[in-house]
Amino acid sequence: MKLIGASYPRTGTLSTKAALEQLGLGPCYHFVTQFERPQDIDVWQAAAEGKPVDWPALFADFQAAVDWPASLFYKQLMAMHPEAKVLLNVRDPEAWYESMLQTVYPASRGGLSAPAESVLGRMGRMIDTLGWQGLFHGRFEEKPYALSVFEQHNQEVKDSVPAERLLVWEVTEGWEPLCRFLDVQEPETPFPRLNDAQTFREQFLSVPTGSTG
């Protein structure tokens, strides 16, 4: 693995996946990869429960990984790949929270009411274990608490990753910082812009916009 993403969702990670693959760092693992590889959901559930995971087998076909759930295990991946660089996508915390509240949170919570053995049901349970309970302790709807978790995670990444291995970056900055960090030529094509909140809701949500149930 050449690049490890350490970022939370709704920080431009799907655009980042597309950009990395365009730069030759593909395939890039992302949350959506589980729709193509539903067997991975059970592996992530095991990881969320603190059970051993065969990381080399999970990522054998990938050169990069961004977004949950992989980003929550960035330290394990760094230890396995000491030459890999680490990317921390950042975003205004208030905008991040509102986007999560309208997209990832209701979509994954909705999965908890899907049949338990369905893809959506298993995904919902895994994200609940790993994210809403594991990270946010059932308090994601408490905005100040959720923001504190988000900001503490970003600070922990900055503190724990050696500066020469880390890029702290917003997707709005585009190609130049990313390509300089990776030491690759900047493409002439525009930077990909994928999966805004409206697109996410159209693809993944069957609950009203803004609903948290």
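Ligands, DNA and RNA left out, the accessible area of the chain computed with a 1.4 Å probe is 52% carbon and sulfur. Counting pairs of Cα atoms in the range 88-191, how many percent are more than 23 Å apart? Summing the P(r) of the range 88-191 above 23 Å gives 45 percent of all pairs. For the range 1-114, the dipole from Cβ point charges (+1 on Lys and Arg, -1 on Asp and Glu) about the Cα centre works out to 140 debye, to the nearest 20.
Per residue, how big is the convex hull of the chain when only Cα atoms are used? Give it in Å³.
116
The range 1-53 and the range 110-174 have Cα centres separated by 13 Å. In this Cβ point-charge picture (+1 for Lys and Arg, -1 for Asp and Glu), the chain has a dipole of about 360 debye about its Cα centre. The amide H of G5, built 1.01 Å from its N in the peptide plane, has A65, V66, L87 as neighbours under 5 Å, considering only residues 5 or more places off or on other chains. Extension gain for the segment L147 to A114, taken as residue separation times 0.36 nm less the Cα-Cα distance, is 9.0 nm to one decimal. Accessible area per residue was computed with a 1.4 Å probe on protein heavy atoms; S160 scores about 50 Å².
Sum -39500 (n - 2.57) across every DSSP H segment of at least 4 residues in the chain, then divide by the residue count to get the 222 nm mean residue ellipticity, nearest 500. Rounded to the nearest 500, it is -12500 deg cm²/dmol. Could you list the residues of the range 118-145 with an amide nitrogen less than 15 Å from a label point located 7 Å from the Cα of E156 in the Cα-to-C-beta direction? Residues 130-138 qualify, since their backbone N sits under 15 Å from the label point.
Heavy atoms of the protein chains alone define the surface here; on that basis the chain has 46 Å² accessible area per residue at 1.4 Å probe size.
Which semi-axis lengths, in whole Å and largest first, follow from the square roots of five times the eigenvalues of the Cα gyration tensor of the range 1-79?
Numbers: eigenvalues 73, 33, 31 Å².
Taking √(5λ) for each eigenvalue gives 19, 13, 12 Å, largest first.
Expressed as a fraction of 2.2 N^0.38 Å, the value expected for a compact globular protein of N residues, the C-alpha radius of gyration of the range 98-142 is 1.09. 3J(HN,Hα) along the range 107-124, derived from phi through the Karplus expression 6.51 cos²θ - 1.76 cosθ + 1.60 where θ = phi - 60°, amounts to 5, 6, 5, x, x, 5, 9, 6, x, 4, 9, 6, 4, 5, x, 5, 4, x Hz, with x in place of Gly and Pro.
A dipole drawn for the chain from +1 and -1 charges on Cβ atoms has a positive end, and of P82, S118, T11 the residue lying farthest that way is S118.
The values are calculated or read from the model by the stated rules, or taken from the named source; none is laboratory data. On a predicted model such as this, the values are computed, not experimentally measured, just so you know. Virtual Cβ from ideal backbone geometry, glycine too; neighbours counted across all protein chains shown. Each accessible area value is taken on the protein alone, full model and side chains, heavy atoms only, with ligands, DNA and RNA left out. Shrake-Rupley method; radii C 1.70, N 1.55, O 1.52, S 1.80 Å.
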